[in-house]
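The values are calculated or read from the model by the stated rules, or taken from the named source; none is laboratory data. Since the structure is predicted, the reported quantities are computational estimates derived from the model, not experimental observations. Here Cβ is always computed from backbone atoms with ideal geometry, including for glycine, and neighbour counts include all displayed protein chains.
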Amino acid sequence: MKKRHLLGLFLCASSVFAATAATPDAEIESKINALLAKMTLEEKIGQLNQQTGTGYSDDMVGSIRKGAVGSILNEVDPVIVNKLQHEAVENSRLGIPLIFARDVVHGFKTIFPIPLGQAASWNPALVEQGARIAAVEAASTGVRWTFSPMVDVSRDGRWGRIAESFGEDPYLASVLGVSMVKGYQTDDLSQPGTMAACTKHFAGYGASESGKDYNTTWIPEVLLRDMYLPPFEAAARAGSATFMCSFNDINGVPSSGNPHLNIDILRNEWGFDGVLVSDWASIMQMIPQGVCVDLKDAADRAANSGVDVDMESYAYTRHLKELVEEGKVEESTIDNLVRNVLRLKFRLGLFDNPYVDMATANNFYAPESLEAAKKMVEESTVMLKNNDILPLKNVKKIALVGPMADDKHNQAGTWCFDLEKEHCVTPLEALTEKYGKDAIIYAPGLKYSRDIDESGIADAVAAAREADVVVMVGGEEAVLSGEAHCRADISLPGAQTKMLEALKATGKPVVLIIMTGRPMTIVHETSLADAVLYMFHGGTMAGPAVAEMLAGEVSPSGKLPVSMPKMVGQLPLYYNHVNTGRPASGMVLIDEIPLEAPQTSTGCTSFYLDAGDGPAFPFGYGLSYSTFSYGDVKLSSASMARDGSIEVSCTVTNTGNMAAAETVQLYTRDLVASLSRPVKELKGFEKVYLQPGESRMVTFTLQASSLAFWSTPTTKVVEPGDFNLWVAGDSASGTPVKFSVTE
Ligand code: BGC
């Protein structure tokens, strides 16, 4: 039994990712100081200014020559990039190069699945490879700074930006965020073909109240540190070159004006010495947020809160000089902001190699990149249901229906500024190639996901009648998720459900494929379909991946990175919640309540009368064409010291008849602690690839330090006592095994 009040072991940093934040390089630091000594105040402020590209325009050239621009976003033509860079390097007084930035979020030209989809792969190496490919492609146009990864822990499917996230779990987001950072940056950011990562949005943005974008958040500091900050800390320690402020306020304090986050935590606790950029006009937005009177006040607050670069508020260019002259912002404060920007430019090697090499420019769509993109779709597709209809067997005719079966634009997903949709291969194209033109009867039924015109459904039904199997590809158009694209209803839009009902009525087996940017409420739709493949927006290679999975050449192996709600009213919904004093039991649901039943007759526990308790599908869930069995969980010891570790092993066997991958997950629960702890927390995972009949022992090293939590805003502690652990294929399975942490 645990002692409730203890001083505990104080830990400064999460040890799983404890590593170096970038180490200062003495040579670079002395070059920075030498340069800084030559700079006028105006030139310093120029380095802090980031503005949108306007091509090789007179205005832009004039500003660059004056040294009034430090970085440019959204300029991706290497010829223009080189011309602008030439102005900075050759025609400005100090010759400081520019950085070109872009939101390369899930691929540049070769589009990978959206980040939420990539999270469903639970495959850090593949995520890293995807980021590497994106960096090579984007850097070949001159983009050396991407605004990715987004590691906002996201617990609410209404929030459109959940699509850009790695889902609801801080550990999964930490591992995959670090993978992306490494993929973009490699070990040597100065090499061509790399981009500086920008870990965003710092912080708490995923908790936007009621899933509405930009909304306020109220997050107690212990929760902030336990749930929302770990992926940021992991990225900082992995050397993420830059960070971005979030739009939201936390407890009334907007992030662009939050010195506690930006200085105390990011700089002082985590040792971050890269660039902190504001979000788009987020400095200016502190005016409508009601904490600054005007743009000058906002510039003052942001600069004194450690925001290095002003993206698109023009607060710094307009007001910093005056603020320094008035003594409201110290010049030494400006110097420190500028140092961070110059350090990034040195680290990127821009002083030595400022230009795009036109001989290798525009390097896109390598065959191995397309192959990796396809693999990522297969590894991130979550099979939610399969009544033995998949993989398809002996089918001669497939009715291919649904609004997303041949929709190049929408299968790519949100944040695809550089999409060339002619390179996207759709399910219609890939299935036609695989099965032959005569085998596919294509009748979309609906023109787009929101379509409410039911007149095409009859054609889809007629196609179904002629076929052996129906494959309906539906979901949400790309524009229904992403920034500022939140929904209060997360069901399938338009007449898709009606169409599915009509298809089901034909008696033909129906495979439902959902391409989407968020977890959706699809309980009814799942009951109608014989199989459900939940795909997220898959990008360039979604079609070939669908064809290979349907044909059984490969099994889908995605696992949910978010809990799927039964009803939208359950949101926010997440597996790692704390228990109430009355966990759900003896539920009497709404249709079972007798007339005039007394108030207490439904059982006084925590559940909804209409949704019961828990998700439709839990975090970590996903089926395979094969089956897996888990052996007994073995511990190297049933106890460990507070600075110790134990080995946790479990043998996993492929008990089916197809080679397939399984993601083995390790969860723990701290049974009694000084603060109520989550009922389960992910502490490790490993994706294993097994031949039929093959067994593999999976071993995790569980460090006691990974059981630490913030018991106060300044105390991170491992409390001795009893814990449970599970090794299982999802967050709702497995048999608990006890272990303890001793004094
Ligand atoms: C988004 C950021 C993005 C930035 C630059 C903002 O609106 O919140 O995520 O990186 O724009 O495009």
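When ALA616, ALA641, ALA611 are checked against the criterion of being closer than 18 Å to GLN570 by Cβ and in contact with a strand residue (DSSP E or B) (Cβ under 6 Å, 6 or more places away or on another chain), a single residue qualifies: ALA616. Of the set (1) assigned by TED's automatic domain parsing to the domain that holds ILE441; (2) among the hydrophobic types (A, V, I, L, M, F, W, C); (3) assigned to a loop (DSSP other than H, G, I, E, B), all apply to PHE351 but (1).
The residue of the range 154-175 that is farthest from the ligand (Cβ to nearest atom), among those that are in contact (Cβ under 8 Å) with a residue 60 or more places away in the chain and under 8 Å from the mean Cα position of the chain (by Cα), is GLY167. Checking the range 404-411 against the condition returns a match, with at least one residue being within 30 Å of MET658 (Cβ to Cβ) and touching a His at 6+ places or on another chain (Cβ under 8 Å).
For the range 94-117, a tally of residues being without any contact (Cβ under 8 Å) to a residue 24 or more places away in the chain and either under 21 Å from LYS421 (Cβ atoms) or hydroxyl-bearing (Ser, Thr, Tyr) (or both) returns 0. Residue count for the range 571-583 under the criterion of being surrounded by fewer than 20 Cβ atoms within 10 Å (Cβ to Cβ) and touching a residue at least 12 places away in the same chain (Cβ under 8 Å): the result is 7. Inspection of the range 306-318 finds a residue satisfying the criterion of being surrounded by 23 or more Cβ atoms within 10 Å (Cβ to Cβ) and either out of contact with any strand residue (DSSP E or B) (no Cβ under 9 Å at 6 or more places or on another chain) or at pLDDT below 95 (or both). Among the residues of the range 84-103, is any of a type in the set (Phe, Trp, Tyr) and more than 16 Å from the ligand (Cβ to nearest atom)? No, the range 84-103 contains no residue that is of a type in the set (Phe, Trp, Tyr) and more than 16 Å from the ligand (Cβ to nearest atom).
Applying the selection to the range 91-141, what residues are among the aliphatic types (A, V, I, L, M), in a helix (DSSP H, G or I) and within 21 Å of GLY55 (Cβ to Cβ)?
Listed by number, the residues that qualify are ALA138, ALA139.
Can you find even one residue in the range 671-680 that is assigned to a strand (DSSP E or B), under 29 Å from the mean Cα position of the chain (by Cα) and farther than 29 Å from ASN386 by Cα? Yes, the range 671-680 contains at least one residue that is assigned to a strand (DSSP E or B), under 29 Å from the mean Cα position of the chain (by Cα) and farther than 29 Å from ASN386 by Cα. Scanning the range 270-284 finds no residues that are within 18 Å of VAL69 (Cα to Cα), more than 16 Å from the ligand (Cβ to nearest atom) and surrounded by fewer than 24 Cβ atoms within 10 Å (Cβ to Cβ). Would you confirm whether any residue within the range 203-223 is assigned to a helix (DSSP H, G or I), touching a strand residue (DSSP E or B) at 6+ places or on another chain (Cβ under 6 Å) and surrounded by fewer than 24 Cβ atoms within 10 Å (Cβ to Cβ)? Checking the range 203-223: at least one residue is assigned to a helix (DSSP H, G or I), touching a strand residue (DSSP E or B) at 6+ places or on another chain (Cβ under 6 Å) and surrounded by fewer than 24 Cβ atoms within 10 Å (Cβ to Cβ). Within the range 286-297, does at least one residue satisfy the condition of being of a type in the set (S, T, N, Q), under 26 Å from ASP213 (Cα atoms) and in contact with a strand residue (DSSP E or B) (Cβ under 9 Å, 6 or more places away or on another chain)? Taking every residue of the range 286-297 in turn, at least one turns out to be of a type in the set (S, T, N, Q), under 26 Å from ASP213 (Cα atoms) and in contact with a strand residue (DSSP E or B) (Cβ under 9 Å, 6 or more places away or on another chain). Residue count for the range 58-75, restricted to those that are more than 24 Å from the chain's Cα centre (by Cα) and within 15 Å of the ligand (Cβ to nearest atom): 3.
Let me confirm something: among ASP25, ASP77, which residue is among the charged types (D, E, K, R), farther than 14 Å from LEU98 by Cα, surrounded by fewer than 20 Cβ atoms within 10 Å (Cβ to Cβ) and at pLDDT below 95?
Being among the charged types (D, E, K, R), farther than 14 Å from LEU98 by Cα, surrounded by fewer than 20 Cβ atoms within 10 Å (Cβ to Cβ) and at pLDDT below 95 holds for just one of ASP25, ASP77, which is ASP25.
So which of MET180, MET227 is in contact (Cβ under 8 Å) with a residue 12 or more places away in the chain and within 16 Å of the ligand (Cβ to nearest atom)? Just one listed residue meets the conditions, MET180. Restricting ALA138, ALA125, ALA120 to those that are within 16 Å of the ligand (Cβ to nearest atom) and either in contact (Cβ under 8 Å) with a residue 60 or more places away in the chain or more than 19 Å from VAL277 (Cβ to Cβ) (or both) reduces the list to ALA138. In the range 183-200, the qualifying residues are those that are within 16 Å of the ligand (Cβ to nearest atom) and either more than 14 Å from the chain's Cα centre (by Cα) or of a type in the set (Ser, Thr, Tyr) (or both), and the one that is surrounded by the fewest Cβ atoms within 10 Å (Cβ to Cβ) is ALA196. Checking the structure you have, find out if any residue of the range 56-63 is closer than 29 Å to THR663 by Cβ and outside any loop (DSSP other than H, G, I, E, B). Within the range 56-63, none of the residues are closer than 29 Å to THR663 by Cβ and outside any loop (DSSP other than H, G, I, E, B). LEU666 meets the conditions (1) assigned to a loop (DSSP other than H, G, I, E, B); (2) within 24 Å of the chain's Cα centre (by Cα) in every case but one. The failed one is (1).
With respect to the conditions (1) surrounded by 13 or more Cβ atoms within 10 Å (Cβ to Cβ); (2) over 20 Å from GLY349 (Cβ atoms); (3) of a type in the set (Ser, Thr, Tyr), SER71 lacks only one, and its number is (2). Would you be able to say whether some residue in the range 201-210 is under 23 Å from TYR575 (Cβ atoms), of a type in the set (Asp, Glu), touching a residue at least 12 places away in the same chain (Cβ under 8 Å) and away from the ligand (no atom under 16 Å from the Cβ)? Within the range 201-210, none of the residues are under 23 Å from TYR575 (Cβ atoms), of a type in the set (Asp, Glu), touching a residue at least 12 places away in the same chain (Cβ under 8 Å) and away from the ligand (no atom under 16 Å from the Cβ). Within the option set VAL578, VAL568, being over 23 Å from the mean Cα position of the chain (by Cα) and outside the structural domain of LYS508 (by TED's automatic domain parsing) holds for one residue only, VAL578.
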